[in-house]
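The values are calculated or read from the model by the stated rules, or taken from the named source; none is laboratory data. On a predicted model such as this, the values are computed, not experimentally measured, just so you know. Cβ atoms come from the backbone with ideal geometry, glycine included; neighbour counts cover every protein chain shown.
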Amino acid sequence: MTPGGGDIETGIAIVGGGPIGLACARLFAADGSAVTVFDPGEADAAWRVSAGMLTPAVEADYGETAWLELARQALADYPKNVESLERETGVGVMFERCSTIALALDADERAELLRRYELLRDVLGVEVELLDAPACRELAPGLSPRVLAGLRVGDCAHLDPRRLVEALGVSARAAGAELVEGRVAHVEPIEQAGVRLLLDDGRTVRASCAVICAGAWSGEIGGVPSRLPVRPVRGQILRLRSGAFSRDILHCGGTYMFGRDDGEVVLGASAEERGFDASTIAGETFRLLEEGIRVVPELREYAVTEVRAGIRPGTPDNRPFVGELAPGVFAAAGHYRTGILLTFATAEALRAALAGEIPVSGLNLLAPDRERFAHAGV
Ligand SMILES: Cc1cc2nc3c(=O)[nH]c(=O)nc-3n(C[C@H](O)[C@H](O)[C@H](O)COP(=O)(O)OP(=O)(O)OC[C@H]3O[C@@H](n4cnc5c(N)ncnc54)[C@H](O)[C@@H]3O)c2cc1C
């Protein structure tokens, strides 16, 4: 990011240079707009720790058919988006298709597995497969002998979010977007036309419109129409190193683990309502390691390379706000646990709305089955 000097004029001001902000900047700049991205380099941003799983069906619940469809479409579009991003920038994001295998190690977990099987297959129409213990072990060598059964959900993937953000930044710059270091404190429409932004160092920005993509900090930005109801949710996660580990995502209870091409093993994650405190706490580190070792006993021999927490952007229903808040002020925030999955889909929805190709329908652009939020009454 370039450290900014005096006051600034731009076309589209993007508040936040995480995956959502940079994906938007890249598309808007490619469409010919003058784009400036403001980002203070927040160390606890979600993308800096995110696992990067793309798993539309795994956490889907009753009544979420439309949401599931949207998430599946987002994943279906991923390969072409990744391919063009990698070709353009030369930065590999480690996108890899996989399955998710939910595992049961005791009777309660097996009962829960059966409940998920019926929900996914009968209610949501997802293709799933029940596995006995030998089938689980065949798919994921190294599993505990205590594994009783598994549930395989296909059509998943994972990638490295840090590389994704690096690639999006390179691409946005190449398309002409300017990246400026700065924390936006306030955004408001101005009467004649356009918007005014205030940075916390006193600089002012005038733009034709602004998009708030500041992750969990989106709710801290003052101005119009009111503060977004985005809340911070801490996510603690571990990274380990091994020779070989299941590239399929293994799920058990509230814990997931999988290996990447470069030998990194991701073990996550907590979801804690602790405000903006991104400390890593002993209890969660212990719980994650205990769960990981319960599922794959040899994990106890792996080197721990990182224990870290980041702040997820939660909302009242944990679905994102994507749309117009007030004339010229847009939001693309509150992606909670699905921001990496929805990175390209969010940017494309906003691009199409700003280009007038689709109507900007309140704040539910990316959550068609949720109650519609009124413009000013968020
Ligand atoms: C442990 C963990 C695991 C996760 N796993 C997954 C997963 O497997 N799959 C998935 O899809 N999602 C996952 N997520 C969620 C995902 O990371 C987020 O939904 C996603 O990063 C949201 O992107 P964002 O750009 O909105 O916010 P962030 O990634 O938080 O980025 C926000 C950006 O805004 C900047 N900013 C903050 N305040 C301001 C301000 N006032 N002015 C300007 N800029 C500002 C920050 O510096 C930052 O760069 C996970 C999150 C965590 C914490």
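Screening the candidates ALA216, ALA177, ALA210 for the property of being farther than 30 Å from MET94 by Cβ, within 23 Å of the chain's Cα centre (by Cα) and among the aliphatic types (A, V, I, L, M) yields one hit, ALA210. For the stretch 214-246, filtered to residues that are within 30 Å of GLY142 (Cβ to Cβ) and among the basic types (Lys, Arg), the residue that is nearest to the ligand (Cβ to nearest atom) is ARG234.
For the stretch 251-292, the candidate set comprises residues that are in contact with a helix residue (DSSP H, G or I) (Cβ under 6 Å, 6 or more places away or on another chain), of a type outside the set (Val, Ile, Thr) and within 15 Å of the ligand (Cβ to nearest atom); within that set, the residue that is nearest to GLU306 (Cα to Cα) is LEU267. No other residue among ARG370, ARG337 is modelled with pLDDT of 90 or more, in a loop (DSSP other than H, G, I, E, B) and over 21 Å from ALA193 (Cα atoms) apart from ARG337. Only a single criterion out of (1) of a type in the set (Ser, Thr, Tyr); (2) modelled with pLDDT of 95 or more; (3) more than 15 Å from ALA210 (Cα to Cα) is not satisfied by THR10, namely (3). Contact map, the stretch 6-30: first residue closer than 13 Å to GLU348 by Cβ, second residue within 14 Å of the ligand (Cβ to nearest atom) and among the aromatic types (Phe, Trp, Tyr), Cβ cut-off under 8 Å, separation 6 or more or different chains; pairs are ALA23/PHE344.
Residue count for the stretch 234-265, restricted to those that are in contact (Cβ under 8 Å) with a residue 40 or more places away in the chain, assigned to a strand (DSSP E or B) and surrounded by 21 or more Cβ atoms within 10 Å (Cβ to Cβ): 13. Taken over the stretch 57-87, the residue count meeting the criterion of being within 19 Å of LEU151 (Cα to Cα), among the acidic types (Asp, Glu) and either modelled with pLDDT of 95 or more or within 13 Å of the ligand (Cβ to nearest atom) (or both) is 1. In the condition set (1) surrounded by fewer than 23 Cβ atoms within 10 Å (Cβ to Cβ); (2) within 14 Å of the ligand (Cβ to nearest atom); (3) not in a strand (DSSP E or B), GLY176 is compliant with all but (2).
The sole residue among VAL230, VAL205 that is among the β-branched types (Val, Ile, Thr), under 21 Å from the mean Cα position of the chain (by Cα) and crowded, with 16+ Cβ neighbours inside 10 Å is VAL230.
Tallying residues that are more than 6 Å from the ligand (Cβ to nearest atom) and surrounded by 22 or more Cβ atoms within 10 Å (Cβ to Cβ) within the stretch 34-56 yields 6.
Set side by side, the residues ARG115, ARG162 differ, and just one is within 11 Å of the ligand (Cβ to nearest atom), surrounded by fewer than 20 Cβ atoms within 10 Å (Cβ to Cβ) and either touching a residue at least 60 places away in the same chain (Cβ under 8 Å) or outside any loop (DSSP other than H, G, I, E, B) (or both), which is ARG162. Consider ASP61 carefully, then state whether it is in a loop (DSSP other than H, G, I, E, B), under 19 Å from the mean Cα position of the chain (by Cα) and not assigned by TED's automatic domain parsing to the domain that holds ILE249. Against the criterion (in a loop (DSSP other than H, G, I, E, B), under 19 Å from the mean Cα position of the chain (by Cα) and not assigned by TED's automatic domain parsing to the domain that holds ILE249), ASP61 qualifies.
All told, GLU9 meets the bar of being more than 9 Å from the ligand (Cβ to nearest atom) and among the acidic types (Asp, Glu). Only residues that are of a type outside the set (S, T, N, Q), more than 25 Å from GLY125 (Cα to Cα) and surrounded by 17 or more Cβ atoms within 10 Å (Cβ to Cβ) were counted in the stretch 61-85, giving 2. Residues in the stretch 181-204 that are assigned to a strand (DSSP E or B), within 9 Å of the ligand (Cβ to nearest atom) and within 17 Å of ALA216 (Cα to Cα): VAL184, ALA185. PHE286 meets the conditions (1) among the aromatic types (Phe, Trp, Tyr); (2) surrounded by fewer than 23 Cβ atoms within 10 Å (Cβ to Cβ); (3) touching a residue at least 40 places away in the same chain (Cβ under 8 Å) in every case but one. The failed one is (3).
So which residues in the stretch 305-316 are assigned to a loop (DSSP other than H, G, I, E, B) and over 13 Å from THR338 (Cα atoms)?
Within the stretch 305-316, just PRO316 meets the criteria.
Looking at GLU298 and the list (1) away from the ligand (no atom under 15 Å from the Cβ); (2) outside any helix (DSSP H, G or I), which single condition is not satisfied? Result: GLU298 fails condition (2) only. Picking from residues in the stretch 317-328 that are in a strand (DSSP E or B) and within 14 Å of the ligand (Cβ to nearest atom), the one that is surrounded by the fewest Cβ atoms within 10 Å (Cβ to Cβ) is PHE321.
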